1. Taking the Cα centroid of the range 20-92 and of the range 102-175, what is the distance between the two, rounded to the nearest whole Å?
2. Starting from the Cα gyration tensor of the range 1-53, take the square roots of the eigenvalues, sort them a ≥ b ≥ c, and report rounded, prolate or oblate (rounded when a/c is under 1.5, otherwise prolate if a/b is larger than b/c, else oblate).
3. By the scheme Lys and Arg +1, Asp and Glu -1, what is the net charge of all other residues having a beta-carbon under 12 Å from that of ALA81?
4. Below 8 Å between Cα atoms, with a sequence gap of 6+, how large is the relative contact order for the range 14-153 in percent?
5. Over the chain, with every protein chain in place, what whole percent of the accessible area is carbon and sulfur at 1.4 Å, could you tell me?
6. I'd like the Karplus ³J(HN,Hα) series for the range 96-112: coefficients 6.51, -1.76, 1.60, θ = phi - 60°, whole numbers in Hz, and an x wherever there's a Gly or Pro.
7. When the convex hull of the Cα atoms of the range 74-139 is projected onto a plane and the area is averaged over all directions, what value comes out in nm²?
8. As an exercise, identify the chymotrypsin sites (Phe, Trp or Tyr not before Pro) in the range 23-118 lying in DSSP coil whose Cβ has no more than 14 other Cβ atoms within 10 Å.
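The values are calculated or read from the model by the stated rules, or taken from the named source; none is laboratory data. Just so it is clear, the structure is predicted and the values come from calculations on it, not from any experiment. All Cβ positions, even for glycine, are placed from backbone atoms using ideal geometry, and neighbour counts span all protein chains on display. Note: areas computed on protein heavy atoms with side chains; ligands, DNA, RNA excluded. Shrake-Rupley method; radii C 1.70, N 1.55, O 1.52, S 1.80 Å.
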Amino acid sequence: MLAAGTSTRFQGTKQLAPLGDRPLLRWAVDAAMASGLRPVVTVVGPRSGAIEAALPAGVDVVRAARARHGISQSLRALVRALEGWRQVGAVCVGLGDQPGVGAAAYQRLAAAYDAGATLAVATYAGQRRNPVLIARPLWPRVAELRGDVGARALMEQVTVTEVDCTDTGSPADVDTAADLERAAREMEQ
């Protein structure tokens, strides 16, 4: 789970903004936990003690010291943290500001990996969104990413398996206070 962004369009600490009965970030992390995939790792920025404190037990935390240099730094920190976990053959990458992504999206990406995918992306109504699965053989390419470039750059280099997740939740992200209000309304429905 990537949650190290600086939230420049959001006033305050976006990850901790209240949404229903918990902070925004917890919705995304809870979905990853509910998927049954392990380990669940959340990447935070260099000074994120309050964010770490809001995470549930069982979540590993990695600090991306250079997070302000773009999403590539968070993705690289995540892959570096998992290098020693030999039993982990792929990572499903979600974003901490997408509270409507469901556990089933992660499970479907894992099933695509089990079927041979090395790079898989969730699609919603035909549009590529998150989460994204990156298999271990692609991790060296992640290490080469720089700036505000994420898995989309990898999609230009290798075959992508698209996984329909339309019925698993919403990929809408929360970038502004208005987005947070929209997410709250959607959750009430």
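1. After rounding, the separation between the Cα centres reads 16 Å.
2. Numbers: a/c = 2.17, a/b = 1.42, b/c = 1.53.
It comes out oblate by the Cα gyration axes.
3. Numbers: positive: ARG63, ARG76, ARG80; negative: ASP60, GLU83.
Result for the local shell: +1.
4. Details: 221 pairs, mean separation 36.9, N = 140.
For the range 14-153, the relative contact order is 26 percent.
5. Numbers: 4460 of 9180 Å².
Carbon-and-sulfur percentage of accessible area, whole number: 49.
6. x, 9, 10, x, x, 5, x, 4, 5, 4, 5, 5, 5, 5, 4, 5, 5
7. On the way: hull surface 19.1 nm².
The directionally averaged projection comes out at 4.8 nm².
8. Details: sites: TRP27, TRP85, TYR106, TYR113; in loops: TRP85.
Answer by residue number: TRP85.
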